[in-house]
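The values are calculated or read from the model by the stated rules, or taken from the named source; none is laboratory data. Note that the structure is a prediction, hence the values are computed from the model and not measured. Ideal geometry is used to build each Cβ from the backbone, glycine not excepted, and the neighbour counts take in all protein chains shown. These accessible areas exclude ligands, DNA and RNA; they are computed on the full protein's heavy atoms, side chains included. Shrake-Rupley method; radii C 1.70, N 1.55, O 1.52, S 1.80 Å.
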Amino acid sequence: MKDRILNILMLLAVAAALILTWARGAQEEAALPLAASPAATAAPPPAEVYRARRRETRALEQALLTTLAESEHTAPETKALAEQQLAGMARNDEMELAVEGALAAHGFSDALCVSRDGSMTVFLPIEISADEAAFFLEIARDISGLEAENIRLTGY
């Protein structure tokens, strides 16, 4: 008999918790302003979202690699590898920013450049002509020092 009473009390407590949770959820939904709905807010441009995420990620990577390279507890081989990674990141950052800056100077401020392991991809927001593609490829090649077959122009 005692177990039945405890089970009934447990079921009543669970039911009360569910009802309170449901009631609070309904109150919160009613309190949301109309501007908070997904349809009412404008999405930021994809290029800006990517650039912000790239800055955050690279800052974290750089901080971790710097800590590793400067730690007295790190093996010499690991320090050398961390320093090599930091130098590669700096080269890639410089190339990407230079290509993006050159394209922005030609009216393509939403262009994105991603450089990794001896290759580069340039993302453009609109279709371009063959002459523009050749010109942009030449800009990327001059800045990066990469061969044309390692550079890709594409839309996003």
Selected residue (criterion: surrounded by the most Cβ atoms within 10 Å (Cβ to Cβ)) from residues of the stretch 128-151 that are assigned to a helix (DSSP H, G or I) and of a type in the set (A, V, I, L, M): A140
When R51 is evaluated against the numbered criteria (1) open to solvent by 90 Å² or more (accessible area, probe 1.4 Å); (2) part of a helix (DSSP H, G or I); (3) among the basic types (K, R), which criterion, by number, is the only one it fails? (1)
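For every residue, the table says whether it meets (1) assigned to a loop (DSSP other than H, G, I, E, B); (2) in contact with a Phe, Trp or Tyr (Cβ under 7 Å, 6 or more places away or on another chain); (3) within 15 Å of Y156 (Cβ to Cβ).
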residue: M89; (1), (2), (3): no, no, no
residue: E100; (1), (2), (3): no, no, yes
residue: L103; (1), (2), (3): no, yes, yes
residue: S115; (1), (2), (3): no, no, no
residue: F123; (1), (2), (3): no, yes, yes
residue: I126; (1), (2), (3): yes, no, yes
For residues that are among the small types (G, A, S) and loosely packed, with under 12 Cβ neighbours inside 10 Å, tally how many sit in the stretch 55-80. 3
